[in-house]
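The structure appears right after this line, and notes come after that.
The values are calculated or read from the model by the stated rules, or taken from the named source; none is laboratory data. Everything numeric here is computed off the predicted structure, so don't read it as measured data. Because the Cβ atoms are built from the backbone with ideal geometry, glycine has one as well, and the counts that use them run over all protein chains shown. Keep in mind that these areas ignore ligands, DNA and RNA; they rest on the heavy atoms of the full protein, side chains included. Shrake-Rupley method; radii C 1.70, N 1.55, O 1.52, S 1.80 Å.
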Amino acid sequence: MNTRSGNIMGARVSPYPAPDVVRTEVLRGLLGEPKTLPPKLFYDRAGARLFEQICELPEYYLTRTELGILEERAAEIASLCGEHTALIEYGSGAGVKVRLLLDELVNPAAYVPVDISMEQLAAVSAERARQYPDLRVAPVHADYTARFALPPLPDDARRVAFFPGSTIGNLHPAEATAFLHRIRATVGPRGALVLGVDRRKDPAILHAAYNDASGVTAAFNLNLLTRLNRELNATFDLSTFRHFAVFNDDDSRIEMHLESMIAQRVYVAGTPVDFERGETILTECSYKYDLPFLEAVTRPAGFRIEELWTDSRDWFWVGFLVPTNS
Ligand code: AVI
């Protein structure tokens with residue numbers, strides 16, 4: 001197991017990857033120009049809890065908005081899926097989103113939660129089996145970002161992938177296309193994808209969502225350094241770093257940074273890392289999509305957009321995508 005992730009109560013959790021893999025990846029990022037850290041490291045237990053709090057923040061509209069769309073459109077989505085669908089959830093959270101779909105699907109063939117956290121997978125599977133006694137629950141323990149084998153499913157079942165939460169936004173466009181391409185291979189030519197996507201919007205709204213007034217996102221970002229101090233023997237003094245998030249208009253993405261407020265040397269796993277005053281570590285990108293951008297990422301992956309549902313403010317999309325040749 002290395003860079004694997006799962007979900008706890010709707011938040012992604014990455015059980016700790018092998019220390020040497022983390023050390024190599026972290027040092028490569030911190031010794032690079034510009035300095036970066038992999039966002040998957042956010043989700044230790046404290047980080048997962050902070051992310052749950054982020055989802056409840058008044059400024060963080062994403063979770064609520066997507067939920068609203070799913071509540072409104074679940075019946076329509078289920079009807080596009082058709083009868084006898086095998087619903088494959090990428091990163092099976094304990095959240096309510098998938099339940100909205102499962103409640104509406106007619107005679108579903110199976111529910112296939114895919115997750116790297118065995119503990120989480122077992123809990124979610126048991127809960128779904130209890131909630132839907134007639135549903136076949138076929139969990140897959142795997143890193144959903146890599147290739148994985150599906151359990152045997154009825155030949156006539158349509159495979160529909162479900163990837164909510166705008167998590168696609170945390171992948172760079174080429175990575176997102178490669179990931180969607182793997183989903184396309186998994187669902188096959190008759191399959192489909194239900195995808196949650198955050199839309200481009202007034203940067204002030206984005207700025208507020210990622211620089212919340214109560215400082216939860218700052219704590220979430222700084223927790224990365226706490227994790228490195230604990231797990232890689234790093235010497236970050238958190239009081240000398242500050243969080244900020246900024247919209248990069250050219251790349252259509254929110255960037256989260258940790259800025260060193262002083263010139264300093266920090267040791268990470270015994271390796272010196274020098275910071276100039278004002279130098280930052282880029283810790284996460286969260287891409288915000290408009291239609292041409294979404295098409296540019298999904299079309300080369302072999303998907304066409306059949307339907308896009310949005311909210312009353314046009315802030316978020318839930319998309320229904322089908323293989324190009326279907
Ligand atoms: C998980 N992901 C979709 C979140 C986002 O909005 O990009 C992660 C996050 N980062 C800061 N706030 C939330």
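Give the number of residues within the stretch 157-174 that are away from the ligand (no atom under 14 Å from the Cβ) and within 15 Å of the chain's Cα centre (by Cα). So the count comes out to 3. Only a single item in (1) buried (at least 17 other Cβ atoms within 10 Å of the Cβ); (2) away from the ligand (no atom under 16 Å from the Cβ) is not met by residue 289, and it is number (2).
Within the stretch 117-134, residues that are of a type outside the set (A, V, I, L, M) sit with their Cβ atoms under 7 Å from residues that are open to solvent by 60 Å² or more (accessible area, probe 1.4 Å), at 6+ positions apart or across chains, in these pairs: 125/139. Those strands (runs of 3 or more DSSP E) of the stretch 215-282 in which 2 or more residues are over 20 Å from residue 55 (Cβ atoms), in contact (Cβ under 8 Å) with a residue 12 or more places away in the chain and within 13 Å of the ligand (Cβ to nearest atom) occupy 241-248, 253-260.
Kindly evaluate residue 317 against the criterion of being within 16 Å of the ligand (Cβ to nearest atom), part of a strand (DSSP E or B) and either open to solvent by less than 40 Å² (accessible area, probe 1.4 Å) or hydroxyl-bearing (Ser, Thr, Tyr) (or both).
Numbers: within 16 Å of the ligand (Cβ to nearest atom): yes; part of a strand (DSSP E or B): yes; either open to solvent by less than 40 Å² (accessible area, probe 1.4 Å) or hydroxyl-bearing (Ser, Thr, Tyr) (or both): yes.
Spelling it out, residue 317 is indeed within 16 Å of the ligand (Cβ to nearest atom), part of a strand (DSSP E or B) and either open to solvent by less than 40 Å² (accessible area, probe 1.4 Å) or hydroxyl-bearing (Ser, Thr, Tyr) (or both).
Yes or no: residue 99 within 16 Å of the ligand (Cβ to nearest atom), open to solvent by 30 Å² or more (accessible area, probe 1.4 Å) and part of a helix (DSSP H, G or I)? Answer is no for this residue.
Looking only at residues in the stretch 292-310 that are within 16 Å of the ligand (Cβ to nearest atom) and open to solvent by less than 30 Å² (accessible area, probe 1.4 Å), the one that is nearest to residue 199 (Cα to Cα) is 294. I'd like the full set of residues that are within 25 Å of residue 199 (Cβ to Cβ), in a helix (DSSP H, G or I), within 15 Å of the ligand (Cβ to nearest atom) and touching a strand residue (DSSP E or B) at 6+ places or on another chain (Cβ under 7 Å), limited to the stretch 43-76. Hits for the stretch 43-76 are 51, 52, 62, 65, 66. The set of residues in the stretch 226-236 that are charged (D, E, K, R) and open to solvent by 70 Å² or more (accessible area, probe 1.4 Å) contains only 230.
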